[in-house]
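In what follows, a single structure is set out as structure tokens and then discussed.
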């Protein structure tokens with residue numbers, strides 16, 4: 001772990017947060033933020049964000065966890081936030097293989113153990129849920145894990161996904177899979193999209209907050225994924241779907257207006273995970289932790305109850 005980076009930008013989290021540069025095993029630089037638990041607190045939560053996300057987006061979540069007695073860690077995955085990006089076009093969301101994210105996860109967990117020894121439950125959203133699922137299935141054992149709309153499948157038409165997988169495979173030998181996936185591009189992101197018709201949240205204030213953060217710090221911005229990312233993601237989700245569920249206490253949350261990840265894949269996993277809690281939210285969209293107050297508060301309260309139960 002290197003020296004701390006500059007203090008975190010104002011993001012709504014407690015003001016004692018610190019951020020650090022980390023080097024993954026392959027040398028890629030990532031970023032980890034740390035908020036120590038309140039005096040007499042219960043422990044620390046490892047927050048694993050989704051694609052396009054960055055540490056500061058979770059400032060209000062960190063604040064609410066602190067009010068419930070929990071400190072937090074949040075990671076910038078490679079290719080997003082202020083972590084290293086693969087190409088000069090920093091808006092291209094790229095990864096060579098999803099196994100690379102496990103290197104980021106291992107680096108974050110090792111640094112977190114140095115900063116705050118002890119077991120840490122995981123709170124994972126979307127792509128972070130896919131990464132967390134792989135981590136669990138390779139033997140990592142947090143005391144509990146909560147998933148917000150985990151990326152266990154994509155909501156695209158199945159025929160379209162088959163075509164994308166085929167195109168990605170054909171393009172790879174020629175290096176053409178380092179281009180934007182079809183129908184996406186550099187402007188495929190919240191910075192250029194309005195609230196109406198968005199698939200993330202029904203809360204205009206949360207949407208405006210997320211958009212304002214990216215406009216204030218353009219380095220947080222991310223466009224569409226590369227063909228290589230799409231091919232790697234499809235392979236990873238297919239491999240995970242074939243594996244049994246781990247013996248880790250878990251909570252899954254899903255909005256019934258989900259249009260980014262595949263609800264059927266989530267329900268399939270829930271049905272094969274003994275003792276799991278499943279919370280569905282009428283009208284909720286993809287980002288339950290950035291949803292309107294009643295959805296956000298209910299899901300986060302369930303997260304806290306789960307983590308409290310397994311904190312000792």
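The values are calculated or read from the model by the stated rules, or taken from the named source; none is laboratory data. Note that the structure is predicted; figures quoted are calculated from it, not measured. When we count neighbours, we look across all protein chains shown, and the Cβ atoms used for this are built from the backbone with ideal geometry, even at glycine.
The residue that is farthest from residue 135 (Cα to Cα), counting only those in the range 147-175 that are in a helix (DSSP H, G or I) and touching a residue at least 60 places away in the same chain (Cβ under 8 Å), is 167.
For the range 38-61, filtered to residues that are closer than 29 Å to residue 223 by Cα and assigned to a strand (DSSP E or B), the residue that is nearest to the chain's Cα centre (by Cα) is 48.
State whether the residues of the range 20-37 include one that is touching a residue at least 12 places away in the same chain (Cβ under 8 Å), buried (at least 16 other Cβ atoms within 10 Å of the Cβ), outside any strand (DSSP E or B) and on the phi > 0 side of the Ramachandran plot. Checked against the condition, which is being touching a residue at least 12 places away in the same chain (Cβ under 8 Å), buried (at least 16 other Cβ atoms within 10 Å of the Cβ), outside any strand (DSSP E or B) and on the phi > 0 side of the Ramachandran plot, the range 20-37 yields no hits at all. Candidates in the range 192-208 are the residues that are surrounded by fewer than 18 Cβ atoms within 10 Å (Cβ to Cβ) and not in a loop (DSSP other than H, G, I, E, B); of these, the one that is modelled with the lowest pLDDT is 192. Please find, within the range 109-133, the residue that is farthest from residue 270 (Cα to Cα) out of those that are touching a helix residue (DSSP H, G or I) at 6+ places or on another chain (Cβ under 6 Å) and part of a helix (DSSP H, G or I). Restricting to residues being touching a helix residue (DSSP H, G or I) at 6+ places or on another chain (Cβ under 6 Å) and part of a helix (DSSP H, G or I), the top hit is 131. Scanning the range 62-108 for residues that are part of a helix (DSSP H, G or I), in contact with a strand residue (DSSP E or B) (Cβ under 7 Å, 6 or more places away or on another chain) and within 26 Å of residue 309 (Cβ to Cβ) returns 62, 65, 66, 108.
Remark: pairs (first residue in the range 252-275, within 11 Å of residue 155 (Cα to Cα); second residue assigned to a helix (DSSP H, G or I); Cβ separation under 8 Å; 6+ apart in sequence or on different chains) = 265/237; 265/241.
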